[in-house]
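Below is one structure, written out as structure tokens; the observations come after it.
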Amino acid sequence: MEFVLLGFTDIPQFQWFLFGIFLVIYMIILLGNGVIILITRVDAILQTPMYFFLRNFSFLEICYVSITLPRMLMDLWTQKGTISLFTCATQMCFFLILGTTECFLLAVMAYDRCVAICDPLHYPLVMCPEVRIRLVVASWISAVPVQIGQTCQIFSLPFCGSNTINHFFCDIPPLLKLACGDIFVNEMVVYIFGILFVTVPFLLILGFYIRIISTILKLPANTGWTKAFSTCSSHITVVLLFYGSATVTYLKPKSNQHEGIDKMISLFYTILTPMVNPIIYSLRNKDVRKISFLLTVN
Ligand SMILES: *[C@@H]1O[C@H](CO)[C@@H](O)[C@H](O)[C@H]1NC(C)=O
């Protein structure tokens, strides 16, 4: 049995245009995140916990985007989107696992900033190498069993009607639309894990940033206020984009209209955030900017 990913075939005249755009975006993501991995590894100034997390996050972004984008490019190139059941399930499983890792790792990074700003004296102790590694490993593996289970559950549903997926990759909501039989339990499971893996980390992040901002406000004026605020606000923008679009996708009541809009929203958490993250988290950062400048000059 096979599925057909419709992708963007509803706008056939733009296939090559989209191929070009997505190819460029993929290059930017690989390059931007690759540079971050490289400079946080080689540079002596950047051996702090923050850059340790940032390096792992960039590595995650490359993996995460490579689950969907190359396949999408191939479908745009070949102009047909047939995908085997097994490939579809594998893609969904990895996408869900890495997506959850992304949610957790962003929360860990916000926690790191919160400790560094609100409790600087204990920071080296709280973020000692052992703790850092534990936090990162936990982010990577804690959702693995659940997401494998969730994928198995969805692919054990009977698919009897159409086999065309009106989407550009195998995501949960478009697949649930194709299932026949009673999917109430599945929808509840998606909902519960959506809250657990998307909403909870999001609220934690908000909490960390509220603490950061209230700490900054207590400092005397002109001691880095504007800098701290601009950093916080750019982080919060990414967080809102990523968690907002994921929330809309996984927690909204099902509707059969607006599939075009659903696809657009998915683009935010699949492609747009991995693209802007390196910019927001590092190019706005003076240390990284200086070093990448030196790197390009040499
Ligand atoms: C990020 O963390 C994971 C899990 O601990 C590890 O497998 C991976 O190699 C790390 N990546 C980098 C670039 O540090």
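Miscellaneous remarks
- Across the chain, Cα pairs under 8 Å and at least six residues apart give a relative contact order of 25 percent.
- Under the Debye formula (equal points on every Cα, no solvent term), log10 I(q)/I(0) of the stretch 16-118 at q = 0.14, 0.23 Å⁻¹: -0.68, -1.20
- Within a Gaussian network of the chain (alpha carbon springs, distance under 10 Å), most fluctuating of Ile141, Ile97, Ile172: Ile141
- Under 5 Å from the amide H of Leu5 lie the amide H atoms of Gly81, Thr82, Ile83, Ile165, each residue being 5 or more positions distant or on a separate chain, with H modelled from the backbone and absent for Pro and chain starts.
- Hydrodynamic radius (Kirkwood) for the stretch 2-297, which is based on Cα pairs only, to one decimal in Å: 20.5
- Ile83 accessible area, 1.4 Å probe, all protein chains in place, Å² to nearest 10: 0
- Carbon plus sulfur fraction of accessible area for the chain, probe 1.4 Å, in percent: 73
- Folded to 0 to 90 degrees: helix 85-118 orientation relative to the chain principal axis, Cα: 20
- At q = 0.15, 0.19, 0.25, 0.30 Å⁻¹, base-10 log of I(q)/I(0) for the stretch 1-63 (Debye sum, equal scatterers on each alpha carbon): -0.62, -0.75, -0.98, -1.14
- Close lysine pairs were tallied over the chain: pairs 8 or more places apart or on different chains with Cα atoms under 28 Å apart number 12.
- Three semi-axes of the equivalent ellipsoid, the stretch 132-226, Cα gyration tensor, whole Å, largest first: 41, 16, 12
- Net charge dipole, the chain: roughly 840 debye, given to the nearest 20, about the Cα centre with Cβ charges of +1 for Lys and Arg and -1 for Asp and Glu.
- Residue among Gln47, Met109, Met127 farthest towards the positive dipole end of the stretch 1-139, charges placed on Cβ: Gln47
- Between Lys80 and Ile21, the FRET efficiency estimated from the beta carbon spacing at R0 = 22 angstrom works out to 0.65.
- Helix 200-218 and the long axis of the chain differ in direction by around 20°, with both axes built from C-alpha atoms.
- Report note on the peptides 143-149, 178-184: ranked by the mean count of other C-beta atoms within 10 Å, highest first, their order is 143-149, 178-184.
- The residues of the stretch 2-297 present an accessible area of 49 Å² per residue when probed at 1.4 Å with all protein chains retained.
- Relative to the longest principal axis of the Cα atoms of the chain, the long axis of helix 129-141 makes an angle of roughly 10 degrees.
- Candidates Val137, Val238, Val190, ranked by Gaussian network fluctuation over the chain, Cα under 10 Å, top entry: Val137
The values are calculated or read from the model by the stated rules, or taken from the named source; none is laboratory data. In this text the structure is predicted, and so the values were computed from the model without any measurement. Because the Cβ atoms are built from the backbone with ideal geometry, glycine has one as well, and the counts that use them run over all protein chains shown. Side chains included, ligands, DNA and RNA excluded: accessible areas come from the protein's heavy atoms. Shrake-Rupley method; radii C 1.70, N 1.55, O 1.52, S 1.80 Å.
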